[in-house]
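Undergrad: Here it is, the structure, as structure tokens.
The values are calculated or read from the model by the stated rules, or taken from the named source; none is laboratory data. Predicted model, so just to flag it, every value in this text is computed and none were measured. FYI the Cβ positions are ideal-geometry reconstructions off the backbone, even for glycines, and counts take in every protein chain you see. When the accessible area is computed, the model is the full protein with side chains, heavy atoms only, and any ligands, DNA or RNA have been set aside. Shrake-Rupley method; radii C 1.70, N 1.55, O 1.52, S 1.80 Å.
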Amino acid sequence: MSYGSIMKRLQRLEFPDCTREALEFITETFSSQEGAAIPGLGGDKEPILAEVCQAFVLFGSKRSTKKLSALQELQLLQLLCEHFRTALEKTKYQIFNLMFGARGDEQANTLLTKLVSMALSVSCTSVLDCAAIWMQDRNSHSSDSLQLTKQLVEDYCLLFPDPSNMFQKLPSISPLFVCNFTTSVTSVFPFHDVESIPPASLLEHVTTWITSDCTLCCESVRQVAIHGTCSSPVPGLLGWCVLGPIICSHLMKPGSSAASASNKPHSQMYKPSVTKTMTTLSKLHLGLLQSLDFCQSSSLSHCLLSVTDAMCLVKQLSTLLDRVRESQSDSGVKVEEDEVTHITLERSASRTRKGSQKALASQQHIISQAAVSQIDNFYSFAATGI
Amino acid sequence: MYDSLSDVDYLVMRARQYSKTDQYAAKAWLITAKSLFPTSFVIQFESYQVEKAGRNVNEAAKQLEEMFRNFPNERQLWEEVQNVLEALQTDSSDQRQTFLTEIFAAIPTHIQCQMLLSVADKISSTLEQCRLLLLAMKNFPNLVQEHGLKLVDLLIMEETKVPGLPAVNCYRKLLVCDVMPLLLNRGLKQKLPADVLYSWLRRAIEFYISYVTQPSIGDPSSSVGADLLSPTKASIKRLPPVAGLLERENQVIDPWGSLFNLLLLLGHCLDWEFEPDIFNKSREVQWQYIVSQFNRAKQTHSDGGYKQVLHMAVVLFIQSFYFYVSHVEANIAAGNSSGGATTPVVLIEGFPPDMEEHVPHPRVKKQKTDGSNQPPIYPSSSISNAQTLVSNFTMALKCFELLNTREELRRDFLSLYGKWNKETWAWISNLQIDMALYQGNFQDAIAQIQNFLDTASGKMKVRYALQRACCHYCLRNYSKACELVLDLIQTIPENDSLDCEDVEKPNPTGSGRHLLMLQCTEKEILPYCIQLLVASLKERMYSTHCSDAVLAHLIILLQNDWPQQESLFLNVIKHIQRQGSFTYNMFFSYVFVVDILEEFAFLDTAEGGRINLDILPTSTKTLAQQRTVTRGVNKGVKEDFRAALEKQVGRLQEPCQRIIRKFLREERTAFLQNM
């Protein structure tokens, strides 16, 4: 079928039919040229497909006369979910990429966010898997990913603060999505100051995920062979576990909230919720350790947490401690961050050297006697993961 | 070294600090510690403890498994594994125990198996080792192949280590009740030689027979009540626990069922032919089966065939005799401590119905072995399961006969029999008394009873006395028989309201020998005793040693259930008429039945033969001497006699039972003298 004829044919059709036809055409084309061309650089049909997709799926083409109503848009999302559910495994991402692969396409991204949100609510594994790969392709910390993540957090954690059922069972629907979403979430809410504390229900969800399945953290890493890049949620979560308790205990101290007055809604924490956050963080910490422990044997374990990540964290830690000490000169938190840095680096650099383990243990002994409870978590990561 | 040790301790200490306040932190510390000191048992054990405290079954199981793999030599680990295994063996509802069992269940099967075997290997107590091996095999049937026979040997060896150990011991119990069924039911693939299987079978038979014939433990407070409530008093017999076993192991549920089952299993290995469900068939069918197997063995001269008959017959013999003895001699079964609370059943010779012509005394003859002309047994209707009792008795008898008389079986039977313990022997002797009596070997029966005379008490004493009297009677040793019966009657308390009406008397048909089966109650025994006395007197009457006293005593006793034996009475009258005279001065003290008094009045008349009767309390002769010898002297005497007769009729209301008992009491010496 030539370009002209397909466009004509589609233009004659009304909304749901034209999109359905268009999707069928795209799918057919992809499956027929299987193996013939590298996706993206594909044969001569690539532009045609992009055009069709723009006009009849995304409705973003300038030539497109059709504008969708809200209801129709919902219909479109349903159609897409259904289409991905039934599409062949190998063509799924090709189609997804065709639709949302272009960077910086605001309209496509908006549609993607809506689609993923919809997929979450209807437990559509195919769409979530594709979205996860999409995030991994453009790095979970990229602005596109963060935008998607923010919207999802908004939809599922902030709009209804009660634990969402859909979210809860996400690991069984798309583990890879959970992994990349978590990575992205730690980037949106790095927890290194009062402004970036993750919403309570989000923290709850992430903790439940991580503790319920210690393989979740390596989902993205396992895809490395296929997709070339990966970003693991470990450094981000590590940041939560190390920095979180310091911030929380800082918040608990009388008068400290004044020092870091903020107008962000989720940073207005009061004592009971802080205590709860502490407990949750402790649980997350354990889950993370178990995950690391579990992944230790894997050959890809080095991808989970790099030396750079650790160094970065140390830097954040020392900045945070500096600030804490500034705001509270009489603080009982006597952190010997130099030691921390030292140990972390040593651990990171020579994770195989037995000797260092002993060194670490005895040093830890000394430091811990200074009662730096917040730092404990960090140590344990140093010992296990790195 | 010191440094590392203290580091470990420090880490554990940190974890413990958190164990109350923050489970997650505690576990996190331990993970850290473990990654720092992967070879430290202390840390690993602590993690296990933390998981246990948190009641996380799967995690605890994982830790235990890991320890088992990585620290196979730690004492603390072994103690814990032993705790777990111990919990596994107890079916307690204790929360801690069930939790340990759950942990074990969460461990992968092959590790469970290794745990059991290696603990069994390490343990020093053989009994404990056997238990664990047994547990292992129960849970992992594929271990039976490797360890089954080893365990059998171990148990047998351990048993023989202690000389003089009774057949009911802990090793034997595990062997017979647990290991053998397990081995034979599944797993054991190789074919065992026949002699091994026979030795197993012997051990099993010996165990079960000794087990069921053990004296039960006395529990006087409860046993009486329980006996009254339960119709099957023998089945609730409380047996003493087997020494060395735990309480839960001490229950031998359904010993007979287990023995039969084992016999079937072993028989199957030995290629025996079984009739399906043979052990639930009637005794008759079982006996037919044994006979047919025996005949077949005889035809083929097969040693295996004889062995099969031997073992089947032995097992059926002990079961039927156990059933019989435990019901018949309730005192033994319920334990001697319960005294006379239960009523034994007594088997005794019945008397032939009185004929017009005197029938010769039942001859003491050597009984033939084939069962066709065995005398019938008439049980009293008051015995509830009488037919079962009788069929079990005859079954036991037939089996015993077969085993004892056939040369092919006798030697093996005796060697089996010889190993049974003395309690079992007591049971068998009890059976042998009844068997001898039944077969007419009264001399043997008396000899057997002799063994029990000193130890018997209560109702059992009555039983033995009655059987002895009966035997002496049958041996024509009447005075001894009567003496025993008189002694026995003395012990029976007098009871005015005693009426024999509601006890239906067994009604023997046919003229041959028969036996009675009575309950040892006064109601049933007293009539029998009197009947025995009557029968003895009757024998006397027909003999050359007849005297007027014998006739008088007979008449007095015949009043007992008048007019049951009127024909005998008429014989006595004929006898008196033949003699022409009759002297018995105690006549009016004991004779009160109108019919009899009339008969005597008649004797006095011309039609009656004008018998010279001297039955007034004061002899007519003396009276005659006192009076002046004038005409009409006889007239006065005659009048006295008439008056006495009339007066006697007036005495009628006095209870017959009492008069007869008074007679037996007061005239005992005279009675015995005339025997």
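Undergrad: Any residue at all in the range A:301-308 that is at pLDDT 75 or above, more than 14 Å from chain B (Cβ to nearest Cβ) and in contact with a Phe, Trp or Tyr (Cβ under 8 Å, 6 or more places away or on another chain)?
TA: No; the residues of the range A:301-308 include none that is at pLDDT 75 or above, more than 14 Å from chain B (Cβ to nearest Cβ) and in contact with a Phe, Trp or Tyr (Cβ under 8 Å, 6 or more places away or on another chain).
Undergrad: From the residues in the range B:638-675 that are in a loop (DSSP other than H, G, I, E, B) and surrounded by 16 or more Cβ atoms within 10 Å (Cβ to Cβ), which one is modelled with the highest pLDDT?
TA: Ranking the candidates gives B:GLU667 first.
Undergrad: Please indicate, with yes or no, whether at least one residue in the range B:503-518 is of a type in the set (A, V, I, L, M), open to solvent by less than 40 Å² (accessible area, probe 1.4 Å), at pLDDT below 80 and outside any strand (DSSP E or B).
TA: yes
Undergrad: Go through (1) open to solvent by 30 Å² or more (accessible area, probe 1.4 Å); (2) in a helix (DSSP H, G or I); (3) away from chain A (no Cβ under 14 Å) for B:VAL81 and report which single condition fails.
TA: All conditions are met except number (1).
Undergrad: Of the numbered conditions (1) more than 25 Å from B:ASN83 (Cβ to Cβ); (2) more than 13 Å from chain A (Cβ to nearest Cβ), B:PHE37 satisfies every one except a single condition; which is it?
TA: Of the numbered conditions (1) more than 25 Å from B:ASN83 (Cβ to Cβ); (2) more than 13 Å from chain A (Cβ to nearest Cβ), the odd one out for B:PHE37 is (2).
Undergrad: If B:LEU64 satisfies all but one of (1) within 12 Å of chain A (Cβ to nearest Cβ); (2) farther than 25 Å from A:LEU238 by Cβ; (3) buried (at least 22 other Cβ atoms within 10 Å of the Cβ), what's the number of the condition it fails?
TA: Going through the list (1) within 12 Å of chain A (Cβ to nearest Cβ); (2) farther than 25 Å from A:LEU238 by Cβ; (3) buried (at least 22 other Cβ atoms within 10 Å of the Cβ), B:LEU64 breaks only (1).
Undergrad: Restricting to the range A:287-298, name every residue that is at the interface with chain B (Cβ under 7 Å from one of its Cβ atoms) and open to solvent by 10 Å² or more (accessible area, probe 1.4 Å).
TA: Once the filter is applied, which keeps residues that are at the interface with chain B (Cβ under 7 Å from one of its Cβ atoms) and open to solvent by 10 Å² or more (accessible area, probe 1.4 Å), the range A:287-298 yields A:GLN290, A:ASP293.
Undergrad: Another question, if that's okay. For residues that are open to solvent by less than 20 Å² (accessible area, probe 1.4 Å) and touching a residue at least 60 places away in the same chain (Cβ under 8 Å), tally how many sit in the range B:444-470.
TA: Residues in the range B:444-470 being open to solvent by less than 20 Å² (accessible area, probe 1.4 Å) and touching a residue at least 60 places away in the same chain (Cβ under 8 Å): 6 in total.
Undergrad: Now for a separate question. Those residues that are at pLDDT below 85 and part of a helix (DSSP H, G or I), I need them from the range A:217-237; list them, please.
TA: A:CYS217, A:CYS218, A:GLU219, A:SER220, A:VAL221, A:ARG222, A:VAL224, A:ALA225, A:ILE226, A:HIS227
Undergrad: Return the residues of the range B:9-31 that are more than 8 Å from every other protein chain (Cβ to nearest Cβ), open to solvent by less than 10 Å² (accessible area, probe 1.4 Å) and either of a type in the set (Gly, Ala, Ser) or outside any helix (DSSP H, G or I) (or both); say none if nothing qualifies.
TA: B:ALA15, B:ALA26
Undergrad: Go through (1) part of a helix (DSSP H, G or I); (2) farther than 29 Å from B:ALA386 by Cβ for B:CYS529 and report which single condition fails.
TA: Looking at each condition in turn, B:CYS529 falls short on (2).
Undergrad: Hey, another quick one. Filter the range B:405-425 down to residues that are outside any loop (DSSP other than H, G, I, E, B) and of a type in the set (S, T, N, Q) and give me whichever is farthest from B:VAL315 (Cα to Cα).
TA: Only one residue fits best here, namely B:THR405.
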